[in-house]
Structure formats: structure tokens, C-alpha cells
Amino acid sequence: MKLGILGGTFDPVHNGHLALAEAAARRAALDRVLLVPCARPPHKDRTGLTDGYQRYAMLALAADGSPGLAVSPLELLRGGISFTAETLGEISAERPGADLFLLVGSDSFVEMETWRDLDRILALAAVLVLHRLGAGARDPVDAAPAALKGRILPPGEALPAPARQALPLAA
């Protein structure tokens, strides 16, 4: 199974989140995309953040009717600061044999070098960089942090596991 994982605060969830997940699923031939609302984001101000279970409920309602999307309370159940490496480790243990694909917006990708346990993240999942409309003209392939150089294929090339590919989602 090819499983995409899209995490975030989803505060509030909006059509752009769902469109991004569905477009990534189509472009990368993913069987399912797991939407994972974080408990406490490590890189964002948490002041005024809506309760996690309320965000989970809103996300579940928004994703209802999209057969390729599922919502997981994994990070909310774990509590504390949500770190991607821990989440991917738990998902990998729960779904042995699944090919994991971490969906990352181009805006977050350029900061990924600062993420905790980046080597573990890259060992557990292929990273699919999603070009968000309106996120700026900077190409994440050109702007990749040093630790990620050589792990991204230009758009349009094949996606051999565990290679990384930037997915242009404007279309």
C-alpha cells in the first residue's frame, strides 16, 4: 500500500488542504492519504490554537465523502509536541510493509532541514514536495536545504522508491 501522510494544524481546515491531499494522491498514485492534525506544533506559535479534538472533528467532517482520505488522531492521542519522526515511526509500526510518503508543502520543505530527527524521517518515508499555489515562485528543488539536496527528482521524472519528487499541483 502506498500511504501519503499530510500533517498540520488544520486550524481551520479548508478546501485547499483537501485539494492538496487529493491532487498528491492522484499525481503519486497513492492508495490513501492520512490527514494527521498535530497536538502541538513545534514550529508555530500555539497561542489561540483551536482544541485538537475540535480540529480533528472539523477535519473528519471535511474529509467525509472523499474515499482516498482518512483522518488520524495519532498525534492528539500521543499529546505533547508533535514531531514528524515519531508519527512516521508509529505509522510504520502499525502498517508494516506500507510505503510511506510524507506530503510537505513547498513552504515547509525549505525549512525541513531544521526538523527534529530528519535522518529518521528520510529513512521512514519518501518526501513528496507539494507546490502550493500562491506560495511564491521559489522552486523547492532549487531552494532545497543542503541535507536534502540530491533527494528530489525534478517534476515529470519517474518516482522510484525511495526517491523524492516535487509535485506541481497547479493544473
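The values are calculated or read from the model by the stated rules, or taken from the named source; none is laboratory data. Just so you know, these numbers come straight off a predicted model, no measurement behind them. Quick reminder, even Gly has a Cβ in these numbers, built from the backbone with ideal geometry, and neighbours come from all protein chains shown. All accessible areas refer to the heavy atoms of the entire protein, side chains included, with ligands and DNA or RNA removed. Shrake-Rupley method; radii C 1.70, N 1.55, O 1.52, S 1.80 Å.
Only one of (1) on the phi < 0 side of the Ramachandran plot; (2) touching a residue at least 24 places away in the same chain (Cβ under 8 Å); (3) under 16 Å from the mean Cα position of the chain (by Cα); (4) surrounded by fewer than 19 Cβ atoms within 10 Å (Cβ to Cβ) fails for Glu90. Which number is that?
(2)
Any residue at all in the range 38-58 that's under 13 Å from the mean Cα position of the chain (by Cα) and more than 12 Å from Leu3 (Cα to Cα)? Before the answer, list the steps.
Residues of the range 38-58 that are under 13 Å from the mean Cα position of the chain (by Cα), as a first pass: 38.
From the residues that got through so far, the ones that are more than 12 Å from Leu3 (Cα to Cα) too are 38.
Yes.
For Asp11, only one of the following conditions fails: (1) open to solvent by 20 Å² or more (accessible area, probe 1.4 Å); (2) assigned to a helix (DSSP H, G or I); (3) under 21 Å from Phe109 (Cα atoms). What is its number?
Asp11 satisfies every listed condition except (2).
Return a yes/no flag: does the range 45-54 have any residue that is farther than 21 Å from Glu111 by Cα, open to solvent by 60 Å² or more (accessible area, probe 1.4 Å) and of a type in the set (Gly, Ala, Ser).
yes
Please identify the pairs in which a residue from the range 2-20 that is closer than 12 Å to Leu35 by Cβ has its Cβ atom under 9 Å from the Cβ atom of a residue that is assigned to a helix (DSSP H, G or I) and among the aromatic types (Phe, Trp, Tyr), counting only partners at least 6 apart or on another chain.
Phe10/Tyr56
Taking the stated definitions as given, is Val36 open to solvent by less than 70 Å² (accessible area, probe 1.4 Å), at pLDDT 95 or above and among the β-branched types (Val, Ile, Thr)?
Values: open to solvent by less than 70 Å² (accessible area, probe 1.4 Å): yes; at pLDDT 95 or above: yes; among the β-branched types (Val, Ile, Thr): yes.
Considered against the rule, which asks whether it is open to solvent by less than 70 Å² (accessible area, probe 1.4 Å), at pLDDT 95 or above and among the β-branched types (Val, Ile, Thr), Val36 comes out as yes.
With the checklist (1) over 29 Å from Gln54 (Cα atoms); (2) modelled with pLDDT of 60 or more; (3) among the β-branched types (Val, Ile, Thr) in hand, flag the one item Ile152 doesn't pass.
Condition (2) is where Ile152 drops out.
Of all residues in the range 65-78 being more than 16 Å from Arg26 (Cα to Cα) and at pLDDT 95 or above, which is most open to solvent (accessible area, probe 1.4 Å)? Break it down stepwise before answering.
Step one: of the range 65-78, the residues more than 16 Å from Arg26 (Cα to Cα) are 65, 71-78.
Now drop any that are not at pLDDT 95 or above, which leaves 71-78.
Numbers: Val71: 33, Ser72: 18, Pro73: 37, Leu74: 21, Glu75: 15, Leu76: 19, Leu77: 124, Arg78: 71 Å².
Out of the qualifying residues, it is Leu77.
Kindly provide the set of residues from the range 68-81 that are in contact (Cβ under 8 Å) with a residue 40 or more places away in the chain and either farther than 13 Å from Leu6 by Cα or of a type in the set (Asp, Glu) (or both), ordered by number.
Glu75, Gly79, Gly80, Ile81
Can you spot a residue in the range 98-106 that is open to solvent by 40 Å² or more (accessible area, probe 1.4 Å) and without any contact (Cβ under 8 Å) to a residue 60 or more places away in the chain? Break it down stepwise before answering.
Going residue by residue through the range 98-106, those that are open to solvent by 40 Å² or more (accessible area, probe 1.4 Å) are 99.
Still in the list and also without any contact (Cβ under 8 Å) to a residue 60 or more places away in the chain: none.
No: the range 98-106 contains no residue that is open to solvent by 40 Å² or more (accessible area, probe 1.4 Å) and without any contact (Cβ under 8 Å) to a residue 60 or more places away in the chain.
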